[in-house]
1. How would you rank 32-40, 71-79, highest first, on the average number of other Cβ atoms within 10 Å across their residues?
2. Once every DSSP H run of n ≥ 4 in the chain is given -39500 (n - 2.57) and the sum is divided by its residues, what mean residue ellipticity at 222 nm do you get, rounded to the nearest 500 deg cm²/dmol?
3. Kirkwood Rh, Cα Rg: Rg to Rh for the chain?
4. Rounding to the nearest 10 and keeping the result within 0 to 90°, find how far the Cα-based axis of helix 86-98 lies from the longest principal axis of the chain.
5. Can you give me the angle between helix 123-132 and the longest principal axis of the chain, using Cα atoms only, in degrees from 0 to 90, rounded to the nearest 10?
């Protein structure tokens with residue numbers, strides 16, 4: 001018997017519509033979402049649970065005004081490593097994961113090995129983070145900082161496909 005693709009029923013037109021509604025406002029009730037996508041509450045709830053089980057929906061969060069909670073300085077940090085051994089990369093990634101002010105980190109192509117998004121209260125706090133953490137990250141040889149002057153757009157609404165995701169491009173979810 002062929003292995004069942006857990007994403008099969010999840011990313012059809014209803015699944016994509018449900019995702020769009022959750023991205024717009026995850027605090028909606030199941031009934032509100034169901035009404036907007038043209039399903040009854042039970043199948044809508046099941047599809048959401050299936051997306052969670054398949055890892056399509058990894059969690060739910062609140063969007064916070066960082067200035068209002070005292071994190072008024074956002075810095076984009078580019079970092080380069082001297083070597084990319086498995087041990088050094090693992091140590092670097094663990095250290096980044098443990099540093100609370102580093103809120104995002106992406107391994108990248110191009111001039112930088114990593115691009116990080118840092119949130120701190122002020123420039124003095126960032127300077128301290130540089131000396132106490134960034135310059136001490138395993139394997140780092142170069143760090144470039146860009147202070148964000150103004151946030152133009154920051155949202156997690158995705159440009160979802162209008163059509164169901166083709167089978168050939170879907171990854172199999174683990175059972």
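Read-outs: derived from the displayed coordinates by stated rules, not from any lab. Keep in mind that this is a model prediction, so the values were computed, not measured. All Cβ positions, even for glycine, are placed from backbone atoms using ideal geometry, and neighbour counts span all protein chains on display.
1. Numbers: 32-40: 16.3, 71-79: 18.3.
Peptide ranking by packing, descending: 71-79, 32-40.
2. One gets -9500 deg cm²/dmol as the mean residue ellipticity at 222 nm.
3. 1.06
4. Between the helix axis and the principal axis of the chain, the angle is about 80 degrees.
5. Taking the Cα atoms of the chain, the angle to 123-132 is about 80 degrees.
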